[in-house]
Structure formats: C-alpha cells, structure tokens
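The values are calculated or read from the model by the stated rules, or taken from the named source; none is laboratory data. Every value quoted in this text rests on a predicted model; they were computed, and no experiment measured them. Don't worry about glycine lacking a Cβ; one is built from the backbone with ideal geometry, like all the others, and counts go over all protein chains shown. Ligands, DNA and RNA are stripped out before the accessible areas are found, and what is left, the full protein with its side chains, is counted by its heavy atoms. Shrake-Rupley method; radii C 1.70, N 1.55, O 1.52, S 1.80 Å.
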Amino acid sequence: METLHNALLKWYEEFGRKDLPFRNLKGINAPYEVYISEVMSQQTQINTVIERFYSPFLEAFPTLKDLANAQLEEVLLLWRGLGYYSRAKNLKKSAEICVKEHDSQLPNDYQSLLKLPGIGTYTANAILCFGFREKSACVDANIKRVLLRLFGLDPNITAKDLQIKANDFLNLNESFNHNQALIDLGALICSPKPKCALCPLNPYCLGKNHPEKHTLKKKQEIIQEERYLGVVIQNNQIALEKIEQKLYFGMHHFPNLKENLEYKLPFLGTIKHSHTKFKLNLNLYLAAIKDLKNPIRFYSLKDLETLPISSMTLKILNFLKQKNLFGG
C-alpha cells in the first residue's frame, strides 16, 4: 500500500491542482470556506464556481454567522445562475443551526455534520479532512471512479462498502494530500475516458485492461416537458411569479398560462432549457394578467438586478432583450 501512496503523492506534487483557491485553507474559518466550495461544486463545474461564484459569496458572507444572519433573498441572489437552489437554502439553514447549537462554527464531528441539511457522507468527510485536517477518507464521483478501477471492484458496490475500501486505502500520514490527489487523478486522468498510460497507479491497477467493466454507467431518465409561459409587460415593467414550491422556493419565474390559451395568444418563440432530468421547451406568449394561472408582480430592469431569479428566467430575459421586447 505504501508504494501506491508514494506514487500517488509524487504525481500530485507535480501535476495536482494545488492552486485552487480552496486548497490549503488555514485558520478557524477554513472549515466554512471548504463547506462553501464543496456545496457549490456539487452539480457545477469547478471552473464555473471559481470564476463566478466562490469569491463573491465569501465576500458577502465571510463567516458562518454572516450567512446565518443574511436574508434568504440575499443568498439566492448570489446563487443566481448556479442552479440547484436547494443547496443555497440548505447552506443558510445549516448556518442558522450552527449559530444556535455549535457556537457559530461547523462541528468537528462526523455525526453532527450529517445532521445538518444538505450534508451527506462525502461533504462531511471533506469538511473534516480539508477543513479540520482530520484523517477522513473522502469518496466523491472522481474518487469512486479511481477506486472502482484501481481495485477492480463491481461498479454496483454499495456506498458503505466503497467507503470501507476508501478508509482502508487512506494514507494516514498524508490524508489531506491523499484525498486531494485522488480527486485530481479522477478529474484529470482516470476520467470517464481514462488516460491510463499517464496514470501513476497504472502498474498496480486491476481494472486497467477493462476499465469499462469497473465504471458505473449512469442511467438517468430524461423527461421532456412543454411549458407555456406568459410574457406580460406594462409601463416598462415585466410580470414574474414568486415560487413557493420547494425546488425553486423564493425564486422568481415567468408565469404559466391558463390552459389552452397558447392557441389564442401571440407566439414569441421557444427556448430550450435543461435542469436535473428535465429537458424543457419554454413556449413564450405575449399575454395579459387575466391569461395567467397564478398571481404575479411587476418588476423594472433595476429591480431585476437584485431579484433572486433562476438561470431559466435569465435565459428568457435575454431572449426578450434580443427581440427588443424588454430590456433592450
């Protein structure tokens, strides 16, 4: 095992992404900053997180207490365009719990971390290892891919058994660099289409000859959906609906039309949009308030600058701007 550890760390020293802003954080705030980076990186490419979201979020909410004391609308505004808005809501809920129960800090305890909204096994271990420098083994999608191939494991192995394997493989003397190295190896080398010839663990890899046999194949059902949305503009203001349902709670969307009105209203165009397993056709129609399903409010261009809106709403606004209908 020591031979594998040394080969991995040697590769990380030369090729690892050690310049990422959330690598090698120190001080009392490190667990919080790691927490933000890990949650943002779920379902979002790391480059997007770094370029647009990570630093502005921490500038606005530099500590867990600042996040707890913020208004949800402020948090959602800085999450705008990042998607999966339940992540932002869970961050705020967790911050509030930590202020009340953990002296305004994240707990340095695996079970206590798991009790916080939105924190699962990987995020808890990442906070412990990267934030608190504990000897914890992490298993994200990248590390899972490496472990499955390296040890020739059945891709349908349970999460519990894979975590045990990760624990057994953990370099207890260099747990921080070990986990970071595995993440980078999975991202850069042992990717879905692996570059086995460049892998430092190639001589020891049990799955290198048939990596496809040790790769979990994603089977995600795709749901096609047609939506019929009303565009209502009055006095240089546009109508949006504040969503009260769980997924987009607190966000503002273009309102749905009442049924069967799409054949009677002026058609503006169709925009394609995807989120999670849904592929949406957003059919836009010029409408009046009476044509809409739910209550709305009107917002000016200035209002929209500070309004929590999703990437879907932003996409529609850009479409209307291009058509010189609003915001041009």
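Here are a few things to note about the model shown:
- Accessible area (Å², per residue) of the chain, counting only protein heavy atoms and a probe of 1.4 Å: 53
- Nonlocal amide H pairs with GLY269, under 5 Å, H built at 1.01 Å: LEU284
- The accessible surface of the range 106-200, taken with every protein chain in place and a 1.4 Å probe, is 52 percent carbon and sulfur.
- Cα gyration tensor category, rounded, prolate or oblate, for the range 92-233 with a/c compared to 1.5: oblate
- Taking Cβ atoms as reference points and 15 Å as the exclusive limit, the residues near SER37 contribute a net charge of -1, counting Lys and Arg as +1 and Asp and Glu as -1.
- Most mobile listed residue (ASN236, ASN125, ASN256) in the chain, GNM with C-alpha springs under 10 Å: ASN236
- On the range 284-328, 52 percent of the accessible area sits on carbon and sulfur atoms, based on a 1.4 Å probe.
- With every protein chain in place, the range 25-102: carbon and sulfur % of accessible area (1.4 Å): 46
- Charges were assigned to the Cβ only: +1 to each Lys and Arg, -1 to each Asp and Glu. The resulting dipole of the chain about its Cα centre is roughly 920 debye.
- Rounded if a/c under 1.5, otherwise prolate or oblate - the range 186-235, Cα gyration tensor axes: prolate
- Rolling a 1.4 Å probe across all protein chains gives ASP103 an accessible area of roughly 130 Å².
- Taking each residue as 0.36 nm, the span from GLN105 to LYS195 lengthens on full extension beyond its C-alpha to C-alpha distance by 28.3 nm.
- Positive-end residue of ALA239, ALA7, ILE127, charge dipole of the chain with Cβ unit charges: ALA239
- Whole-angstrom gap from the range 56-100 to the range 223-259, using each part's C-alpha centre: 24
- Karplus (6.51, -1.76, 1.60) ³J(HN,Hα), θ = phi - 60°, over the range 43-48, in Hz, Gly and Pro reported as x: 6, 9, 5, 4, 5, 5
- Using the Karplus relation 6.51 cos²θ - 1.76 cosθ + 1.60 with θ = phi - 60°, the per-residue 3J(HN,Hα) values for the range 173-184 come to 7, 9, 4, 4, 5, 4, 5, 4, 5, 5, 4, 5 Hz, with x marking Gly and Pro.
- Residue-averaged 222 nm ellipticity for the chain, from DSSP H runs of 4+ at -39500 (n - 2.57), nearest 500: -11000 deg cm²/dmol
- Put the Cα centre of the range 268-309 next to the Cα centre of the range 11-41 and the gap is 37 Å.
- Rounded to whole Hz, the Karplus (6.51, -1.76, 1.60) HN-Hα couplings of the range 116-133, x for glycine and proline: 7, x, x, 9, x, 4, 4, 4, 4, 5, 5, 4, 5, 6, 7, x, 9, 6
- Looking at the range 249-328, the GluC sites (Glu not before Pro) that sit in a DSSP loop and have at most 15 other Cβ atoms within 10 Å of their own Cβ are GLU259.
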